[in-house]
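Down below is the structure, laid out as structure tokens.
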Amino acid sequence: MNSFKKHTTKDGSLSLYSFSYKEGFHDKDGALKESIDKYLLPAQLEQFSNTEKIVVLDVCMGLGYNTGCIFEKLLQSNIKIEWHGLEIDQRPLNLALKEKIFQEIWSPKVLHFFNCLNKSGKWTDGFNEGIIHWGDARKKIYEIQSSLRFDLILLDPFSPQKCPELWSEEFIYLLTGRLSAKGRLITYSTAASIRASFKRAGLKIYSIVPSIVDQKKWSLGTVAMKKRSEQDLISKECQLKDLSTREVEHLNTRSSIPYRDPTGKGSSQEIISTREIEQSKSQLINTSSWRKRWNTAR
Ligand SMILES: C[S@@+](CC[C@H](N)C(=O)[O-])C[C@H]1O[C@@H](n2cnc3c(N)ncnc32)[C@H](O)[C@@H]1O
């Protein structure tokens, strides 16, 4: 049975380590910091300031940081929110809600949202509404009305090697089909396989530029959109940029071979093995040569 270890990250916020995935839920630098830098700021919510309604999909809600940060801003505006969450396991949210350091981060409105989801899977404050679809995201996404288009999709599964089923080309195509014309699909991942799948799905991709304090990192993640953005992608707090030459070259390496899950039911092991076979037969350049050329750490 999946189990977790609680710990406090460098910014003082709560996170979990999953023994079954052998991976932490967040960056060691901070669970809250990660959500702000990789999801809230790249969403550039100011672009929705003239919109009446915003539709949000949180894929892998976990403890809820990504939605929490975005709601702290949106709930101060007059924009109506329709929110959907996909998450296989209720325990991370349940565990977090019992912790004082988690409760203290959030305003009463956001805490109320989390408590409603935890209790009944639904939330409304009379104006906004939300529902969480507990279960495998690959299946549960079909519970959401197929005509609904999302303005923000927050994609935050465990890493591709641990949870390839939610990074498959097929799942990315499915999410792309549900993205609104001006919507943003945002993820912490900078993996060539994921970025290449976004591109094949017809999305334009941008790199999330690290802040001055994070200069050791070459990118904080990826924002994908249906059309090239006409607006200035450099706002006060966040910078999105076209991929650098180094990042474009990364997409021509063997790392860009996608995770495939044609049935939507493949196990992690099956998906990884199929990709390894495809990589071993590939004519694409070895990722190690790219790494050497750019002096990029693993
Ligand atoms: C990296 S954590 C998400 C962190 C989260 N966004 C937060 O702010 O705390 C990954 C999450 O993916 C969930 N997950 C794993 N496989 C899944 C699946 N097939 N469908 C839906 N959720 C899944 C895990 O239960 C875990 O909560």
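The values are calculated or read from the model by the stated rules, or taken from the named source; none is laboratory data. Because the structure is a prediction, the values reported are computed rather than measured. Virtual Cβ from ideal backbone geometry, glycine too; neighbours counted across all protein chains shown. Note: areas computed on protein heavy atoms with side chains; ligands, DNA, RNA excluded. Shrake-Rupley method; radii C 1.70, N 1.55, O 1.52, S 1.80 Å.
Numbers at a glance
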| read-out | value |
| --- | --- |
| The chain - share of DSSP beta bridges that are antiparallel (%, nearest 5) | 50 |
| Calculated FRET efficiency for the pair K80/N286, C-beta based, R₀ 35 Å, to 0.05 | 0.10 |
| Summed side-chain charge close to S20 - residues other than S20 whose Cβ falls under 11 Å, Lys, Arg +1, Asp, Glu -1 | 0 |
| Antiparallel content of DSSP bridges confined to the range 47-136, in %, to 5 | 20 |
| Sites T51 and I144 - FRET efficiency at Förster radius 22 Å, r taken between beta-carbons, to 0.05 | 0.65 |
| Per residue accessible area in Å² of the chain, where ligands, DNA and RNA are left out and the probe is 1.4 Å | 49 |
| Of all accessible heavy-atom area on the range 31-294, the percent that carbon and sulfur account for (1.4 Å) | 52 |
| Local electrostatic count at I105 - Lys and Arg +1, Asp and Glu -1, tallied over other residues with Cβ under 12 Å | -2 |
